[in-house]
Amino acid sequence: MKVAPRHLPAILLLFIGSGCAALIYEIVWLQMLQLIVGSSAVSLAVLLGTFMGGMCLGSLALPRVIPASFHPLKVYAALEIGIAAAALLVLVAMPAVGRLYLSLVGYGMSGVLVRAMVCMICLLPPTILMGATLPAAARWLEATPGGMAWLGFFYGGNTAGAVGGCLVAGFYLLRLYDHTTATLVAVTVNAGVALTAFGIARFTPFGPAPDPARPATTRPDPPAAGISPTQTVLIAIGLSGFCALAAEVVWTRNLSLLLGATVYTFSIILAVFLAGLGLGSSLGATLVRDQARPRLLLALCQFLQVGAIAWAAHIMARSLPYWPLDAYIPTSPTVKFQIDLVRCAWAILPSAILWGASFPLALGCLVSPGADPARLVGRAYAANTLGAIIGAVLASLVLIPLVGTQPTQVTLLVVSALSAAIALRPVRWPTVTLASAGLVATFLLALTLPLLPWQLVAYGRHVATTDYDASPIYVGEGMNASVAVSQTHDGSRYFHVSGKTEASSLVKDMRLQRMLGHLPALLHPQPRSVLIVGCGAGVTAGTFVLHPTITRIVICDIEPLIPEIVATYFRRENHDVLRDPRVEIVRDDARHYIATTQEKFDVITSDPIHPWVKGSAVLYSQEYFALCRQRLNPGGLMTQWVPLYESNHAVVQSEIATFFSVFPQGTIWANDDDGHGYDTVMLGQADPLPIDLDALEVRLDRPDHVGVRAALTELGLGSAVRLLATYAGRFAELKTWLAPAEINRDRSLRLQYLAGLQLDSNAGAGAYAEILRQRQFPADIFLGSAARLQELKQALPATRKPVPAANPSP
């Protein structure tokens with residue numbers, strides 16, 4: 001050993017702290033950069049690729065840049081200080097980076113290369129330093145089995161710290177605070193690690209490098225077929241990294257269907273995966289210390305991985321969805337999270353442990369006493385990370401949208417078996433037997449892998465308790481989401497995305513979807529251009545087809561399958577909008593499109609997915625509404641969907657207060673369910689909007705509005721009075737009620753954490769009655785003849801005592 005053994009446990013603790021800070025940074029940076037470059041699969045692939053690519057570069061660069069004579073502890077401390085400084089710089093410079101990106105887009109520069117450039121500016125400096133920490137640690141040790149064992153423990157400790165950072169960031173820091181606070185906590189951890197490392201360095205003299213002539217404790221295998229033993233190990237560990245990250249993409253996708261795609265679910269999945277890597281790394285470090293054949297163990301890990309991947313696929317498709325757990329039985333979030341943790345661990349922990357064990361075993365295969373351990377570790381780490389980058393990008397952008405999750409997992413079985421076969425080179429008779437048995441097992445397991453159940457795509461966490469009288473018409477796994485269309489025996493159709501029902505042909509859902517379009521189109525004097533955020537079943541977009549003055553309809557949706565395929569199953573309801581020549585489909589996340597487009601619209605209607613879905617809170621933030629207001633022409637109107645189910649009072653108040661903070665002249669229009677709260681339409685505009693009931697009735701009577709009146713009549717809203725009787729209130733009357741509300745801002749996105757705790761609650765439906773209790777008849781808004789005004793006053797719903805809302809439509 002180059003350092004006293006008594007100091008190694010303390011150094012292990014440093015790695016735990018370093019890993020904790022790194023994961024806090026990763027979560028914060030990815031969330032911040034998604035606001036700039038977008039949240040589409042392409043943007044996320046660029047973000048993840050840049051983050052991991054920087055770590056790969058750092059692991060390769062350190063042995064070439066930092067002389068071996070430098071004290072490793074001081075180098076490590078300097079790296080930690082550099083990471084903290086870079087993190088502070090990213091935090092301060094992010095607004096300027098955002099402006100740079102928008103200016104480049106404004107000059108016509110867009111696409112993946114520009115997004116990658118922005119990510120590199122922000123992420124490469126700190127991630128290169130992060131990637132250099134493990135090679136720096138390697139120089140504290142000799143390139144012997146014992147030294148590699150300690151490196152395995154360091155890697156496991158770093159991963160254990162990452163588990164803590166993931167949970168602290170996801171469940172505490174970002175739930176209660178913001179990006180700045182989370183970053184400062186991580187900076188403090190980095191500073192503490194650096195100071196401790198400097199302190200230990202004062203009492204730990206760094207010895208000279210070992211004698212290169214010292215005989216090796218393990219004999220390297222001879223080259224086989226032109227490929228050196230070192231190269232075969234690097235290829236094997238690279239393929240292992242490929243499978244690990246590709247599988248994480250697949251399993252995160254499928255588990256989020258089952259558990260609900262909240263920020264907490266993603267934190268739990270990542271924490272379990274990292275915990276498995278940490279446990280496996282410690283196990284591999286223990287094995288490599290005493291084993292003379294680490295190559296055989298590495299190959300065995302990859303063969304066992306074939307079974308572990310198959311296990312996860314079967315558990316997620318045939319076991320976990322049917323555990324008898326009723327999401328509507330009241331439980332505390334803590335209990336729910338514990339159950340989710342068990343379910344995730346039961347499925348993915350075996351594979352994660354095997355992947356974690358592979359890295360120290362690979363280091364054991366590369367042992368060469370006298371060599372620079374930093375170079376040895378850097379190459380192995382770079383190979384593993386490069387494989388992980390390719391696996392994550394290929395799975396998310398190519399394999400899943402092209403063939404689906406089940407064939408993707410079959411591919412991972414084959415790649416794992418290939419990794420094992422490569423690790424076994426050079427070929428000997430015992431290894432031939434092992435390889436043959438492994439390939440046969442891989443083939444048999446590949447034949448048994450189950451398809452993703454359509455019920456899981458449709459009903460998600462309710463699949464075990466839903467008495468679904470429906471059959472699937474279409475099931476698809478897109479680049480950004482899994483979608484399904486189902487139909488019941490009575491002909492009702494439902495659109496499902498990411499484990500929840502998003503739209504249907506039921507009257508109460510059709511009413512909401514058409515109100516989102518007809519309200520602004522009728523209240524605007526002459527609308528010409530429209531932007532629809534979120535295509536869904538296409539019903540809202542289809543409302544504008546009926547309005548004669550509309551000349552341009554832009555539909556923006558992050559998942560291409562939805563407008564291209566799903567909406568075609570609702571042609572009657574959406575008036576076959578996608579074939580209308582006025583329609584343009586934008587395949588991008590709406591936040592990115594609205595931030596980068598230069599076009600302005602007369603009407604913007606926003607119908608995103610529930611705010612508890614990870615990433616959707618950016619479409620409910622104050623900054624998002626401000627962007628929408630900037631994209632409105634003078635006199636333009638915006639409508640925003642606010643659900644009352646799968647929510648509670650605090651969530652509903654936050655959504656409404658955030659909208660009114662940008663549109664203080666806005667109003668609320670209710671879509672109730674037999675008089676009880678279901679969901680609402682927020683209507684916003686820059687100036688007060690007087691509504692002439694008589695003029696509106698005359699407009700509906702015009703021959704060119706026959707289709708509009710007919711569409712509204714189907715839903716019981718076929719007159720000016722009936723349509724306007726959905727009025728529920730405005731900001732001036734709700735100021736006191738909204739006073740406790742938290743404003744959802746980009747720097748914290750508090751809403752997704754607040755809503756994620758309430759996704760199984762329907763307490764938000766009671767907010768409807770509370771809103772009505774504040775409502776007064778707005779004489780300054782509604783104008784017209786006395787008779788019609790009196791008719792409207794009588795038609796307005798009376799305040800009703802809140803009752804528990806029915807469960808959302810299946």
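The values are calculated or read from the model by the stated rules, or taken from the named source; none is laboratory data. As the structure is a computational prediction, the values presented were derived from the model and not from experiment. Counting neighbours? That spans all protein chains shown, and the Cβs are built from the backbone with ideal geometry, glycine included. Quick note on the areas: whole protein, heavy atoms, side chains included, nothing else; ligands and nucleic acids left out. Shrake-Rupley method; radii C 1.70, N 1.55, O 1.52, S 1.80 Å.
Among helices (runs of 4 or more DSSP H) lying entirely in the range 686-749, which contain 2 or more residues that are touching a residue at least 12 places away in the same chain (Cβ under 8 Å), in contact with a Lys or Arg (Cβ under 8 Å, 6 or more places away or on another chain) and under 23 Å from ASP780 (Cβ atoms)?
So the answer is 693-701, 720-724.
Would you mind telling me which numbered condition in (1) among the polar types (S, T, N, Q); (2) modelled with pLDDT under 85; (3) out of contact with any His (no Cβ under 9 Å at 6 or more places or on another chain); (4) within 16 Å of ALA137 (Cα to Cα) THR218 fails?
Going through (1) among the polar types (S, T, N, Q); (2) modelled with pLDDT under 85; (3) out of contact with any His (no Cβ under 9 Å at 6 or more places or on another chain); (4) within 16 Å of ALA137 (Cα to Cα) one by one, THR218 breaks only (4).
Among the residues of the range 488-501, are any open to solvent by less than 10 Å² (accessible area, probe 1.4 Å), at pLDDT below 95, not in a strand (DSSP E or B) and not acidic (Asp, Glu)?
The answer is yes; a qualifying residue exists.
Considering only the range 53-67, I want to know if a residue exists there that is surrounded by fewer than 22 Cβ atoms within 10 Å (Cβ to Cβ) and farther than 27 Å from ASN384 by Cβ.
no
Report the residue count in the range 665-676 for those that are within 25 Å of GLN790 (Cβ to Cβ) and part of a strand (DSSP E or B).
Counting residues in the range 665-676 that are within 25 Å of GLN790 (Cβ to Cβ) and part of a strand (DSSP E or B) gives 6.
Could you grab me the full set of residues in the range 600-626 that are open to solvent by 30 Å² or more (accessible area, probe 1.4 Å) and modelled with pLDDT of 95 or more?
LYS600, GLN622, GLU623, ALA626
With LEU397, LEU424 as the choices, which residue is over 24 Å from ARG318 (Cα atoms) and surrounded by fewer than 22 Cβ atoms within 10 Å (Cβ to Cβ)?
LEU397
Of all residues being more than 21 Å from LEU749 (Cβ to Cβ) and open to solvent by less than 10 Å² (accessible area, probe 1.4 Å) in the range 627-643, which is nearest to the chain's Cα centre (by Cα)? Just the residue, please.
Here the answer is THR639.
Which residues, taken from the range 750-798, are closer than 23 Å to LEU259 by Cα, of a type outside the set (Ser, Thr, Tyr) and outside any helix (DSSP H, G or I)?
Once the filter is applied, which keeps residues that are closer than 23 Å to LEU259 by Cα, of a type outside the set (Ser, Thr, Tyr) and outside any helix (DSSP H, G or I), the range 750-798 yields LEU757, GLN758, LEU759, ASP760, ASN762.
Taking only the range 271-309 into account, find how many residues are open to solvent by 40 Å² or more (accessible area, probe 1.4 Å) and closer than 30 Å to LYS614 by Cβ.
Result for the range 271-309: 1.
If a residue must be closer than 30 Å to HIS592 by Cα and touching a Gly at 6+ places or on another chain (Cβ under 9 Å), how many such residues does the range 5-30 contain?
7
Within the range 435-475, which residues are of a type outside the set (Gly, Ala, Ser), in a helix (DSSP H, G or I), touching a residue at least 24 places away in the same chain (Cβ under 8 Å) and surrounded by 13 or more Cβ atoms within 10 Å (Cβ to Cβ)?
THR442, LEU445, TRP454, GLN455, LEU456, VAL457, TYR459, ARG461, HIS462
Given the residues ASP589, ASP576, ASP580, ASP557, which is the only one that is on the phi > 0 side of the Ramachandran plot and either buried (at least 24 other Cβ atoms within 10 Å of the Cβ) or out of contact with any Pro (no Cβ under 6 Å at 6 or more places or on another chain) (or both)? Can you show your working first?
Values: ASP589 fails: on the phi > 0 side of the Ramachandran plot; ASP580 fails: on the phi > 0 side of the Ramachandran plot; ASP557 fails: on the phi > 0 side of the Ramachandran plot.
It is ASP576.
Only one of VAL118, VAL114 is closer than 26 Å to THR50 by Cβ, touching a residue at least 60 places away in the same chain (Cβ under 8 Å) and under 28 Å from the mean Cα position of the chain (by Cα). Can you tell me which?
Details: VAL114 fails: touching a residue at least 60 places away in the same chain (Cβ under 8 Å).
None of the other options fit; the residue is VAL118.
Per-residue answers, yes or no, for (1) more than 19 Å from ARG571 (Cβ to Cβ); (2) outside any loop (DSSP other than H, G, I, E, B):
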| residue | (1), (2) |
| --- | --- |
| ALA503 | no, yes |
| GLY517 | no, yes |
| PRO527 | yes, no |
| CYS535 | no, no |
| PHE544 | no, yes |
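Among the numbered criteria (1) more than 23 Å from ILE128 (Cβ to Cβ); (2) open to solvent by 30 Å² or more (accessible area, probe 1.4 Å); (3) in contact with a Gly (Cβ under 9 Å, 6 or more places away or on another chain), which single criterion is violated by LEU44?
Exception for LEU44: condition (1).
Can you tell me which residues in the range 447-504 are of a type in the set (A, V, I, L, M), within 25 Å of the chain's Cα centre (by Cα) and farther than 21 Å from VAL249 by Cβ?
ALA458, VAL463, ALA464, VAL485, ALA503
Please specify each residue of the range 582-602 satisfying the condition of being closer than 14 Å to GLU564 by Cα and under 18 Å from the mean Cα position of the chain (by Cα).
Within the range 582-602, ARG587, ASP588 meet the criteria.
Of these, ALA182, ALA162, ALA191, which one is touching a residue at least 40 places away in the same chain (Cβ under 8 Å), within 20 Å of GLY356 (Cα to Cα) and assigned to a helix (DSSP H, G or I)?
That would be ALA162, the only listed residue that is touching a residue at least 40 places away in the same chain (Cβ under 8 Å), within 20 Å of GLY356 (Cα to Cα) and assigned to a helix (DSSP H, G or I).
Of the residues SER661, SER748, SER761, which single one is small (Gly, Ala, Ser), surrounded by 21 or more Cβ atoms within 10 Å (Cβ to Cβ) and closer than 30 Å to LEU176 by Cα?
Going through SER661, SER748, SER761 in turn, just one is small (Gly, Ala, Ser), surrounded by 21 or more Cβ atoms within 10 Å (Cβ to Cβ) and closer than 30 Å to LEU176 by Cα: SER748.
Among the helices (runs of 4 or more DSSP H) contained in the range 314-433, which hold 1 or more residues that are in contact (Cβ under 8 Å) with a residue 24 or more places away in the chain and more than 21 Å from the chain's Cα centre (by Cα)?
The helices (runs of 4 or more DSSP H) meeting that bar are 333-365, 373-394, 405-423.
Can you tell me which residues in the range 135-157 are in a helix (DSSP H, G or I), open to solvent by less than 10 Å² (accessible area, probe 1.4 Å) and either of a type in the set (A, V, I, L, M, F, W, C) or over 15 Å from ALA78 (Cα atoms) (or both)?
If the condition is that a residue be in a helix (DSSP H, G or I), open to solvent by less than 10 Å² (accessible area, probe 1.4 Å) and either of a type in the set (A, V, I, L, M, F, W, C) or over 15 Å from ALA78 (Cα atoms) (or both), then ALA136, ALA137, ALA138, GLY147, MET148, ALA149, LEU151, GLY152, PHE154, GLY156, GLY157 are the ones that fit.
If you check ASP679 against the conditions, is it assigned to a loop (DSSP other than H, G, I, E, B), of a type outside the set (Val, Ile, Thr) and closer than 30 Å to SER267 by Cα?
no
Being more than 21 Å from the chain's Cα centre (by Cα) and not aromatic (Phe, Trp, Tyr) is the filter here, so list the residues in the range 644-656 that pass it.
LEU644, ASN648, HIS649, ALA650, VAL652, GLN653, SER654, ILE656
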